[in-house]
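Just below is one structure, and these are the notes that go with it.
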Amino acid sequence: MSKYAIAIHGGAGTILKSMMTPEKEQAYKQALEDAIAAGEEVLKKKGRALDAVELAIRSLENNPLFNAGKGAVFTHDGKNEMDASIMNGKDLMAGAAAGVQNIKNPITLARAIMEKSEHVFMAGLGAQEFAKKNNIEFAPDEYFFVEARYEQLKKAIETDSIVMDHNDEKKFGTVGAVALDVQGNLAAGTSTGGMTNKKHGRVGDTPIIGSGTYANNNTCAISCTGHGEFFIRSVVAYDISCLMEYKGLSLKAACDVVVMDKLVKIGGEGGLIALDVKGNIELPFNSEGMYRAKKHEGQEIYIGIYK
């Protein structure tokens, strides 16, 4: 039996203490703690890493503080378009959804695609049709309307810019989780609302297996957050797994190579959460901050926001 472990993130970017009120900081910390607790509840009962990942991400998707699910940012057309993916390290099964609207928990749709279809990746109206047939919960436009997010869109349209998440703080508000269960299985998942004022149909790294999400029991589980275009070009999540599998690097060494060297060289900002089969957790980022938390069985929770 392994000891279980779980880690989550709520986005990376220019997150500075000087920009944060004590109340807002506490709200973020509480949200991260709640998500870890949701995932750990499964792991404590000898449940599957896959279930822990889904429940931790659902908790973050239900919180308007994060750019996923309820807090998803607005596209140029004033819509909320969401992407998500999930992967099981035991059998390399994976599911992903891109460009979906009105899905309350996109991570649950990604899992349904993995388990109930012959496909890995579904997008747009096709993914929404599949969601209806599989009783995935929908929510009306009003559910996703967060005043602060709408103000971000108006500002972005005025300046004709596409912004990561916040106008004042460049933040990549993706959410994600990685988990190791007591059976020694890994899983990873990621969910996002993308970029404020993004062009219709833009997809980032979040739903792309190998770029934003990857899990393999032989190596590690990874969930990324950052400037998606760079993470796609660098196939970040799979690159870390490859460095471990083919070069024999440790989890930490592989993360350092990819996040602190390869990404930096091409201008890719962001970070990721990583967990290996021995229970080692790494939370590297090359931005000013990353909302993050981790918990090992029998140890205290760690929560971080700034460098």
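The numbers here are math on the coordinates, done by the rules we state, and not lab data. Since this is a predicted model, take the numbers as computed values, not measurements. Quick reminder, even Gly has a Cβ in these numbers, built from the backbone with ideal geometry, and neighbours come from all protein chains shown.
Summarised in one figure, the compactness ratio Rg/Rh of region 137-279, Cα atoms and Kirkwood Rh, is 1.03. Dividing the mean sequence gap of close Cα pairs (under 8 Å, 6+ apart) by how many residues region 154-294 holds gives a relative contact order of 20 percent. About the centre of its Cα atoms, region 5-306 shows a dipole size close to 320 debye [charges on the beta carbon of Lys, Arg (+1) and Asp, Glu (-1) only; nearest 20 debye].
Exposed loop sites, defined as GluC sites (Glu not before Pro) outside DSSP H, G, I, E and B with at most 11 other Cβ atoms within 10 Å, are absent from the longest region of the chain, namely 138-299. Taking a 22 Å limit on the Cα-Cα distance, which of the listed pairs K265/K295; K44/K90; K29/K70; K90/K278; K29/K79 fall beyond it? Over 22 Å apart, Cα to Cα: K265/K295; K29/K79.
Overall form of region 5-306: rounded. Here a/c, set by the Cα gyration tensor axes a ≥ b ≥ c, is under 1.5. Give me the net charge for the shell around K295: Cβ to Cβ below 14 angstrom, other residues only, Lys and Arg +1, Asp and Glu -1. Summing Lys/Arg as +1 and Asp/Glu as -1 gives -2. A Förster radius of 25 Å, combined with the Cβ-Cβ distance separating K252 from Q183, puts the computed FRET efficiency at roughly 0.55. In the chain, helices alone account for a calculated mean residue ellipticity at 222 nm of -9500 deg cm²/dmol, with every DSSP H run of four or more residues adding -39,500 (n - 2.57). Can you tell me which lysines have their Cα less than 22 Å from the Cα of K262? Leave out same-chain residues fewer than eight positions away. List returned: K170, K171, K247, K252, K307. Note on region 64-183: along the principal axes its Cα atoms extend 48, 32, 21 Å, ordered by decreasing extent.
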